[in-house]
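Enquirer: Before I ask anything, here is the structure I am working with.
FYI, it's all coordinate maths here, none of it is from the lab. Quantities reported herein were computed from a predicted structural model and do not represent experimental measurements. Methodologically, a virtual Cβ is constructed for each residue, glycine included, from the backbone with ideal geometry; neighbour enumeration extends over all protein chains shown.
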Amino acid sequence: MKSLAEVFAESLMIDAASVVDSLAYQSIKEWDSVAHMVLVTALEDNFDIMLDADDIVAMSSVAKVREILAKYDVAA
Amino acid sequence: MTTGTPWTAILAGHGDAVAVRDDAGTALTYADVLAQRARLDAALGRRSLVFLRTANSAPSVATWLALLASDHAVLAIEHDLAPDRRAALVDLYRPDAIIDPDGTITPGPGGTTLHPDLSVLLSTSGSTGSPKLARFTAAALMANAQAIADYLGLTAAERPFLALPTSYSYGMSVINSHALVGACIEVTAHGVMQAEYWDGLRTRAATSLSGVPFHYDAIRRLGLDRLATPTLTTLTQAGGKLAAPVVAKYAEWAAGNGRRFITMYGQTEAGPRLTWLPPEHLPGHAGAIGVPIPGVSIDLIAGDGSVITEPGVSGEMRCTSPAIMMGYAQGPDDLVRGDELGGVLMTGDLASRDEQGILSITGRASRMIKLFGTRVNLDDIDAQLARMDVAGAAFGLDDQLRVLIEGGDADAVRAALVEAFSFPPRGLLVKAVASLPRASSGKLLYGALGAAWDQVGEAAT
């Protein structure tokens, strides 16, 4: 299983070092709606979960994603 | 300075009706649009070439409409277009002014001579800041807006929820067709993957939404029930081909929930709308582009130049429409040119007709791809590589732009291209090879790029 930072880095095609809690949706060009869809699929595959639609549209930052994953018993 | 365009009286007739509302709740009326027109006239002084940096805000949309109703010629560019690309466009076309999304006017170099009929310039590939523009008269864009309003049955009661950019011909056509009937355009800067988008769709009582194939794929993942707001009646789709099974799913949902799902086809050069698929034809025709919109006729042309009459045979679409552009512009000298096409456009797309006369796309021009609904001219990518002094070439397919470079750092080149352009970065892949496939003359073999690409291991991306 990959780390949350690795999943982010691969999905958004960015450097893992730039994946920090404060990184927010649309704050960088690479995190747009297209990448968000890739990220959702990667999170589901990596952590073996099925994300609820309300959670998908609420994933507005790395910190928020971590918080949402906790609801699925994923410590990331 | 006050003669105006066919739009002026139409917009003035809508008076104090709200023309546009944005995420912040800012609402501007059609009277405000006309007041903005007067303010621009006073500031610009005479017929001018202006660049409008568009954003999805009420002031930006109002300024777009004000310019449409003015004697000025406007090029809409995305507000987040990279500064060096914007500067290149300013250096090339020498606008008299650049207007920010909030209406702030900055004087430009000026000095470009304009044809009297020229009203609007649209980039043929907005996300790349392509210098190749399509030239339009105000009357042409009005004819297209009127046709759209007719086939969709638009009225002043419509409240379209618009997330598409104004600089994108599809977004522009949503604005124009609804402004024509005096509707309130509910513009949003949020996307379908954000909670704010869905809150806005509901609380702002939107009656329609418009999306490219990617948006409909994303909404499908979130669940179509999200669309079942009390007021949403119409879903329109354009900007590329939505897979037939996905079309069928939306058609089924729409029929079962008393909504309309309408797929459409167009080209920027056609101002832009050319065909639509009336919902009654949807069963059995998922994936088809449908029939010509009012005022448009389409012939399919065979390789020998003859018009194809039998069903099931592919030919290049030749479209006759009052909304066809005057012609292209590659530089400022072209802005003085008049109509060069006479209302006829060879689209470069291949299509066939079935027995019922329903059109389907069967192929297309080779140097153009759609990246999540955004048209990308591969020549623009090659030109940027040349500016970066990188030996390489772009090719690709829908939703995947591939750039093959000769040696060098693929990651660095990718980062630079992401910085230069505003298409969705996830669609861009860069690989490095020792040498690009070339003919003995040294000419690049575009047809061999795919094979060379496949020979590079995934690890090299």
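Enquirer: Could you give the longest part of chain B that holds none of the GluC sites (Glu not before Pro) found in DSSP loops with at most 15 neighbouring Cβ atoms within 10 Å?
Expert: The reported range is B:1-339.
Enquirer: How large is the direction-averaged shadow of the alpha-carbon convex hull of segment B:6-363, in nm²?
Expert: On the way: hull surface 67.9 nm².
The Cα convex hull of segment B:6-363, projected and averaged over all directions, gives 17.0 nm².
Enquirer: Each label point is 7 Å from the Cα along the Cα-to-Cβ direction; what then is the distance between the points at A:D73 and B:A195, in nm?
Expert: 2.4 nm
Enquirer: Which distance in nm do the two modelled labels at B:A391 and B:S435 give, with both placed 7 Å along the Cα-to-Cβ direction?
Expert: Here the answer is 0.9 nm between the modelled labels.
Enquirer: OK, next. Counting only Cα, what are the radius of gyration and maximum Cα-Cα distance Dmax of segment B:206-271, in Å?
Expert: In order Rg, Dmax, the Cα atoms of segment B:206-271 give 11.8, 36 Å.
Enquirer: So what's the projected area for segment B:120-218, the Cα convex hull averaged over all directions, in nm²?
Expert: Mean projected area of the Cα convex hull: 6.8 nm².
Enquirer: For B:D16 paired with B:R39, estimate the spin-label separation in nm (one decimal), with each label point 7 Å from Cα along the Cα-to-Cβ line.
Expert: Here the answer is 2.0 nm between the modelled labels.
Enquirer: Also, I was wondering about something else. How high is the relative contact order of chain B, in percent, counting Cα pairs under 8 Å that sit 6 or more residues apart? Present the calculation step by step, with values, prior to reporting the outcome.
Expert: Values: 1024 pairs, mean separation 57.1, N = 461.
The normalised contact order for chain B reaches 12 percent.
Enquirer: Bin width 10 Å, origin at 0, all Cα-Cα pairs of segment B:368-460: what percent of pairs per bin?
Expert: The calculated distribution, bin by bin, is 16, 54, 28, 2.
Enquirer: Please work out the ratio of the alpha-carbon Rg of the protein assembly as shown to 2.2 N^0.38 Å and round it to two decimals.
Expert: Ratio of Cα Rg to 2.2 N^0.38 Å: 0.97.
Enquirer: Also, I was wondering about something else. Please list, ordered by chain and number, the residues whose modelled amide H lies under 5 Å from the amide H of B:G290; skip anything fewer than 5 residues away on the same chain.
Expert: Residues meeting the amide H criterion: B:L359.
Enquirer: Taking a spot 7 Å from the Cα of B:R47 along the direction of its beta carbon, which residues of segment B:97-114 have an amide N less than 14 Å from it?
Expert: The answer is B:112-114.
Enquirer: If each DSSP helix of 4+ residues adds -39,500 (n - 2.57) and the sum is divided by the residues in chain A, what number results at 222 nm, nearest 500 deg cm²/dmol? Could you put the intermediate results ahead of the total?
Expert: Details: 4 runs with 38 residues, N = 76.
Taking each H run of at least 4 residues, the total per residue is -14500 deg cm²/dmol.
Enquirer: Please average, across the residues of A:49-59, the number of beta carbons from any other chain that are within 10 Å of each residue's own beta carbon, and give a whole number.
Expert: Values: counts 0, 0, 2, 2, 8, 5, 1, 7, 13, 2, 3.
Mean partner-chain Cβ count within 10 Å for A:49-59: 4.
Enquirer: Now, a different point. Output wanted: per-residue J couplings in Hz (rounded whole) for segment B:336-345, from phi through Karplus 6.51 cos²θ - 1.76 cosθ + 1.60, θ = phi - 60°, x for Gly and Pro.
Expert: Here the 3J(HN,Hα) series is 8, 6, x, 5, 10, 10, x, x, 10, 10 Hz.
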